[in-house]
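Inspection log for the structure reproduced underneath, given as structure tokens.
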Amino acid sequence: MVSGFLSKPFRFFISMSKEHKGEWYIIVAGALILFVIIFSSVFAGIIAPYGPVTDVASPYIKEHNLDLRAATPLPPNETFIMGTNDLGFDVFSRILFGSRTVLLVSIAASIFSALMGIPIGLLSGFYGGKVDRTLSLLMDSIYSFPGLILAIALAAMLGPGVTNISVAIAVIYVPTYFRIVRGQVLSVKEELYVEAARSIGAGPMTIMTKYVFPNVIASVVVIFSLNVADAILTEAGLSFLGLGLPPDLPDWGIDLAKGKKFVPSGYWWIITFPGLMIMLVALSFTMIGEGLNEVLNPRLKEK
Amino acid sequence: MRALLSYILTRILLTIPMIFILLTLVFFIIRVMPGDPVKSMLGAHAPKETMDEVRHQLGLDKPIIDFSTNNQFVDYMSAFFHGDLGQSLWYRVPVTEKIAQYFPATLELSFFALLFAVVFGVATGAFAAHKRKSAADYSIRLFGITSYSIPVFWLGLMLQMIFGVAFDWFPIAGRIGARVSPQVITGLYVVDGIITLNFEQVASALWHLVLPSTALGLILCGIFIRLTRANMLGVLKQDYVLAANARGIPKRRVVYKHALKNAFVPILTMMGLEFAYLMSGAVLTETTFSWPGMGSFLVESVNYRDFPALQGTIIFIALLVMGISLLVDILYAIIDPRVRY
Amino acid sequence: MRSKKLLYGALILVLAVGLVFAVACEKKAPKPTAGGVIVIGTTEKYTQLDPAQAYDFFTWELFQNIYYTLLIYKPGTTELVPGLAAEMPTASADNKEWTFKLRDGLKFSNDVPITAETVKYQIDRVITTKSDPSWLVDDFVDYVEVVDPLTVKFVLKQPVAYFPSLVATPPYATIDPAIYPADATISDPTGFSCTGPYMVEKFVRDAEIVLVKNPNYYGDAALNDKIIIKFYKDATTLRLAVEKGEIDIAWKALNPTDIKDLKANPNLKVVEASGAQIRYLCFVCNGDPFKEKILRGAVSAAIDRMSVVDKVFLGTVEPLYSMVPIGMWSHKDSFKEVYGEYNIEKTKELLKGLGYDEANPFAFELWYTPTHYGDTEADVALLLKQGLEATGVMKVELKSAEWGTYNDNFDKGNMSAFLLGWYPDYIDPDDYTSVFALSTASDSMGIFYADPKMDELLLKAQVTTKQKDREKIYEEVQDYWAAEVPTCPIFQGKLFLVTQPYIEGIAVGATMIFNYDVVYRTN
């Protein structure tokens, strides 16, 4: 890992607009998409025309004298802009409410990973020796696992539920934080001003919180947003495989899993929109993360 | 040479404790899973004596772990070192046998997906580098970033809907047509078809591979686009390329002949690093396309709570990923002597 | 300019590859099958290929085509006819001893002769190996006696009026002792010595099984030369296979949407048969809160069956108001008589008596298992919950567990109300009633129900011999069931076979047995 360039944390916030115009656009675009999605998720109760598990198609079908079995699911029309699903639920409303689930799980999982990974990484890097070797080995083992497969095993073990699924996802990202933080600590530790602080008698706790931690925070921000993006895809993947959440909770992954069987029938609206949303949310976090990363990491800077 | 050998040796030695940790981890995750495997295996109505007997046969009446040598953990470890991954509760055959049955399907899919990703990724990446700062470059780069964020199963469903259902060009499920009775030697239908000169089988297998490997390949190709582009831009700035340019050698030749060759090593490495990601993607792709591979088997094992099968599959995939990364590291060390850890 | 050329080059390449593929595809277009081969596609799987061990419908279906029992069902009916037996059995006056005469000169497909000893061998085996379906023999048969080489006598533990329908179940099938050991069951036998119209030519697990005519079959030869069963991973794949003409018959199980679409397809035939599998809601009858009978009734009145039938299954199932399925003798819509179709007022009234109202709703957990009954199960649970909550006086929390855990939970009585399904073992109302509600059986069904009157009725029905009398008792049982509600019936499955237009002769009746030998093609 390239390091040491972070000795003046947050410097990039000032220089960003001047030096990294392209990246700046990417970050802002990502943040804008994200803002819209978070806004609509928070105010889903107000924006959404219907409840996420309310059969709104049946009354509509009755009113228009259609045959219930033949007309279900309703394709997009002026009443239901994204159509309804097989149970008569409004797809658009489910999309809005579903964003809550996906954001909740992925952000909770990432926070949990960070809370686990950062302290362990700090400790490991700072103290070195046997502790470091053992922890590194353990983390490398988890890291070498294909993430989704580990999450599947954990989710199967923990059973369905929002908390359980968040924990299952969190575990697979702990090593990411650990590695990055540990690497940073190792290099910062050797910096002159840290040496100096140590020589004037600063305790390990002081050094860690005052000198080391501020230095890793910037890369943690990058990792965090990339991590959320990945967690979103993992959450959707787990739900798609049917390992995740209860059915009365609106969730994009579950809607896709249920929509799979409608492919030959051509009910495109049930499948297209939830997937598009997963992509958009993941993309917004990726854009923020990638943008920040390019600002922070001169190696990848555009030539 | 000595340094290289000792690096390889260290790298291999480091893998051993990792395998041990991995085995332990998988064991405990699976053992604390709720649900009675014997009951789900025999059904709720089996007599209690039968259940107890099966439980005894499978060694499930022993403690999970204790200080003696007669517990499930010791059984599990010693079985593993004898190459035994246990007996599937659902199918009642050795898990290794099921893996042998399903793995070729995954390998075939992964191979074609990776092939697609590399060919497509390198081609577009090189093109983007060649046409730097053009509209094409920006679109390709945007696609590169976006591809990370596309859920592979959704992309699969979209491809099915468009090319499978609306246009009806490609099959959207399975490995081979029902009228083709595949001859199985390696389990790779394309290879088997070529060996046995059964071209109907080759055609049908390739035909079925188109959509799933495109879906998985498109997800994977982002990294190859970026890598190729960045590397080629780097190489294009180097002296000899500039010199070649100055001598009037056409830019296209410079780009595609010299620069691309130099970008090869990092691409090879990336193929190794991407393997874990490829496996995760394969699980979802297989579910989407009803592809009878390891991913489908894994999901099925979860649903049946067939924990020896689940355990065996996870261990197999993890070992595979470790093996590949070991191999790539060693290859890389041999190809590029500058790299030492 | 050059880049444009490159682009065109790439485009041409892509088109060329596409063309090659297209040509390849053209080649694999279905050609008409010569002779009498019928390809059946299914999403089901075989479990253990041993009649002493397998306990699932699809494996039983194979046995019902290759391993015959003494008595079999006439295809498409519930009428029992002699199979390996030469005639219908004779029972002693008390229905405790049943004597069967074997057909003369019977041989397995490998020419090994079949005698009374062979018949006895399997019965002893089932009792010894104590596997999942063993109870079908063990609970009833005390011992089997070989009277002479062509005569066997079953001596029962107690009189059983419906013993012939038990004898028609696969555990009673006659198998070759050289293949199946006397004291153990085996999942994958080394071969198949068959007694039915077919024998196995080739079997690749999870891929295909090929059945050909059994030359030693005693009866009329099958109307087709060969049956190939192809195993598909999921309903979608199966649907596409029948749509594209890759298979002749799609059987078990298509999604409701697929059936709806295929019915609209003029190039295919959809054969519909009433199924005997039922779905119902169970209550833990000895625990809180459902030991209170009125609560069970209140829930039953607010089961919105039509919502499930219409929305989740698009009419591919039927609403069910009795545990005895529609189409079986003695069936009676008792629940409809007592509670109506979906009666919110009744629920309110019943709950009011117990002090529940809108302000203080009755809250309980409703359990389901998400994969065992197919991916529609979560929707079923969700709609039931919505129906129950629409009364305003109930609050339902949905809970789910995978099948293994679910089994464990219901054994321990951990789930106060849960959804379950039932496939019949033998075709008799007894198999839909006493297996649940007899106080000796109800614990293993997870409902922990015990009632002396119910026991008395059910036991009386078991030993009564006159059909008319049995019918009366079962009608009484069903009425009493609706009053007692040990379980609440919800819906009954229908069976759908989607076939190519040239397939004829399919006869699947209430037994749900699919006899392949009577199916034929008209081209």
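The values are calculated or read from the model by the stated rules, or taken from the named source; none is laboratory data. All values reported here derive from a predicted model rather than from experimental measurement. Backbone-built Cβ (ideal geometry, glycine too); neighbour counts: all protein chains shown.
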Taking residue B:150 and the conditions (1) at pLDDT below 90; (2) under 23 Å from the mean Cα position of the chain (by Cα); (3) of a type in the set (A, V, I, L, M, F, W, C), which numbered condition does it fall short on, given that it satisfies the others? (1)
All but one of (1) hydrophobic (A, V, I, L, M, F, W, C); (2) within 14 Å of chain A (Cβ to nearest Cβ); (3) more than 17 Å from residue A:259 (Cα to Cα) hold for residue B:197; which doesn't? (2)
Go through the residues of the stretch C:133-147 one by one and say whether even a single one is away from chain B (no Cβ under 14 Å), in contact with a Ser or Thr (Cβ under 7 Å, 6 or more places away or on another chain), under 25 Å from residue C:424 (Cα atoms) and of a type in the set (Val, Ile, Thr). no
Given (1) at negative phi; (2) away from every other protein chain (no Cβ under 12 Å), number of the condition residue A:233 does not satisfy: (2)
Just to be sure I understand, how many residues within the stretch C:478-497 are assigned to a helix (DSSP H, G or I), touching a residue at least 40 places away in the same chain (Cβ under 8 Å) and more than 23 Å from the chain's Cα centre (by Cα)? 4
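Can you name the residue in the stretch C:82-107 that is assigned to a loop (DSSP other than H, G, I, E, B), closer than 18 Å to residue C:66 by Cβ and not hydrophobic (A, V, I, L, M, F, W, C) and, of all such residues, is nearest to the other protein chains (Cβ to nearest Cβ)? Can you show your working first?
Filtering the stretch C:82-107 down to residues assigned to a loop (DSSP other than H, G, I, E, B) leaves C:83-84, C:86-89, C:92-96, C:103-106.
Then keep just the ones that are closer than 18 Å to residue C:66 by Cβ; that gives C:83-84, C:103, C:106.
Next cut, not hydrophobic (A, V, I, L, M, F, W, C) only: C:83, C:103.
Working: C:83: 26, C:103: 33 Å.
The qualifying residue nearest to the other protein chains (Cβ to nearest Cβ) is C:83.
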Condition (residue is surrounded by fewer than 23 Cβ atoms within 10 Å (Cβ to Cβ), of a type in the set (Val, Ile, Thr) and touching a residue at least 12 places away in the same chain (Cβ under 8 Å)) applied to the stretch B:155-163: is it met by at least one residue? no
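Just to verify a result, which residue in the stretch C:362-371, among those that are in a strand (DSSP E or B) and within 14 Å of another protein chain (Cβ to nearest Cβ), is farthest from residue C:392 (Cα to Cα)?
Kept after step one, since they are in a strand (DSSP E or B), are these residues of the stretch C:362-371: C:362-368.
The next check asks that each one be within 14 Å of another protein chain (Cβ to nearest Cβ); those that pass are C:365-368.
Numbers: C:365: 16, C:366: 16, C:367: 20, C:368: 22 Å.
Within the stretch C:362-371, the match that is farthest from residue C:392 (Cα to Cα) is C:368.
From the list C:404, C:374, C:387, exactly one residue is in a helix (DSSP H, G or I), of a type outside the set (Val, Ile, Thr) and within 12 Å of chain B (Cβ to nearest Cβ). Which is it?
On the way: C:374 fails: in a helix (DSSP H, G or I); C:387 fails: within 12 Å of chain B (Cβ to nearest Cβ).
Exactly one residue qualifies, and that residue is C:404.
Given B:180, B:122, B:184, B:118, which one is touching a helix residue (DSSP H, G or I) at 6+ places or on another chain (Cβ under 8 Å) and at the interface with another protein chain (Cβ under 8 Å from one of its Cβ atoms)? Talk me through it step by step, then tell me what you get.
Details: B:122 fails: at the interface with another protein chain (Cβ under 8 Å from one of its Cβ atoms); B:184 fails: at the interface with another protein chain (Cβ under 8 Å from one of its Cβ atoms); B:118 fails: at the interface with another protein chain (Cβ under 8 Å from one of its Cβ atoms).
After applying the criteria, what remains is B:180.
Select from the stretch C:407-423 the residues that are more than 14 Å from chain B (Cβ to nearest Cβ) and more than 28 Å from residue A:58 (Cβ to Cβ) and list them in ascending order.
First, the residues of the stretch C:407-423 that are more than 14 Å from chain B (Cβ to nearest Cβ): C:416-417, C:419.
Matches in the stretch C:407-423: C:416 only.
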In the stretch C:33-69, how many residues are within 11 Å of chain B (Cβ to nearest Cβ) and of a type in the set (A, V, I, L, M)? 5
So, in the stretch C:390-401, of the ones that are over 17 Å from residue A:244 (Cα atoms) and among the small types (Gly, Ala, Ser), which residue ends up nearest to the other protein chains (Cβ to nearest Cβ)? C:390
Just one of (1) surrounded by fewer than 18 Cβ atoms within 10 Å (Cβ to Cβ); (2) closer than 30 Å to residue B:267 by Cβ; (3) in contact with a Ser or Thr (Cβ under 7 Å, 6 or more places away or on another chain) trips up residue B:183, so point out which. (2)
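Looking only at the stretch B:240-249, decide whether some residue is within 14 Å of chain A (Cβ to nearest Cβ), surrounded by fewer than 22 Cβ atoms within 10 Å (Cβ to Cβ) and out of contact with any strand residue (DSSP E or B) (no Cβ under 7 Å at 6 or more places or on another chain). Talk me through it step by step, then tell me what you get.
Going residue by residue through the stretch B:240-249, those that are within 14 Å of chain A (Cβ to nearest Cβ) are B:241-242.
Still in the running and surrounded by fewer than 22 Cβ atoms within 10 Å (Cβ to Cβ): B:241-242.
Narrowing the set further to residues that are out of contact with any strand residue (DSSP E or B) (no Cβ under 7 Å at 6 or more places or on another chain) leaves B:241-242.
Within the stretch B:240-249 (the criterion being within 14 Å of chain A (Cβ to nearest Cβ), surrounded by fewer than 22 Cβ atoms within 10 Å (Cβ to Cβ) and out of contact with any strand residue (DSSP E or B) (no Cβ under 7 Å at 6 or more places or on another chain)), the answer is yes, since at least one residue qualifies.
It is to be established whether one or more residues within the stretch A:257-264 are more than 10 Å from chain B (Cβ to nearest Cβ), out of contact with any Cys (no Cβ under 8 Å at 6 or more places or on another chain) and within 26 Å of residue A:92 (Cα to Cα).
yes
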Residue list for the stretch C:237-296, filter: more than 30 Å from residue C:394 (Cα to Cα), among the basic types (Lys, Arg) and more than 14 Å from every other protein chain (Cβ to nearest Cβ): C:252, C:269
Residue pairs meeting the criteria (Cβ under 9 Å; at least 6 apart or on separate chains; first on the phi < 0 side of the Ramachandran plot, in the stretch A:77-90; second of a type in the set (Gly, Ala, Ser) and in a loop (DSSP other than H, G, I, E, B)): A:77/A:83; A:89/A:51; A:90/A:48; A:90/A:51; A:90/A:83
So, in the stretch A:51-97, of the ones that are more than 14 Å from chain C (Cβ to nearest Cβ) and over 24 Å from residue A:261 (Cα atoms), which residue ends up surrounded by the most Cβ atoms within 10 Å (Cβ to Cβ)? A:79
Helices (runs of 4 or more DSSP H) wholly inside the stretch C:251-361 that include at least 1 residues being within 29 Å of residue C:467 (Cα to Cα): C:334-339
What number of residues in the stretch B:304-326 are within 14 Å of chain C (Cβ to nearest Cβ), outside any loop (DSSP other than H, G, I, E, B) and either touching a Gly at 6+ places or on another chain (Cβ under 7 Å) or surrounded by fewer than 21 Cβ atoms within 10 Å (Cβ to Cβ) (or both)? 1
Which condition number in (1) polar (S, T, N, Q); (2) within 11 Å of another protein chain (Cβ to nearest Cβ); (3) free of Cβ contacts under 8 Å to residues at least 60 places away in the same chain is the one that residue B:146 fails? (3)
Which of the residues spanning the stretch C:220-235 are small (Gly, Ala, Ser) and within 26 Å of the chain's Cα centre (by Cα)? C:222, C:235
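Quick check on this structure: which one of B:226, B:175 is within 19 Å of residue B:296 (Cβ to Cβ), buried (at least 21 other Cβ atoms within 10 Å of the Cβ) and within 11 Å of another protein chain (Cβ to nearest Cβ)?
On the way: B:226 fails: within 19 Å of residue B:296 (Cβ to Cβ).
On inspection, the qualifying residue turns out to be B:175.
Yes or no, residue by residue, for (1) in contact with a helix residue (DSSP H, G or I) (Cβ under 9 Å, 6 or more places away or on another chain); (2) more than 30 Å from residue C:496 (Cβ to Cβ); (3) surrounded by 18 or more Cβ atoms within 10 Å (Cβ to Cβ):
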site	(1), (2), (3)
C:81	no, no, no
C:98	yes, yes, yes
C:118	no, yes, yes
C:127	yes, yes, no
C:131	yes, yes, yes
C:136	yes, no, yes
C:161	yes, yes, yes
C:171	yes, no, yes
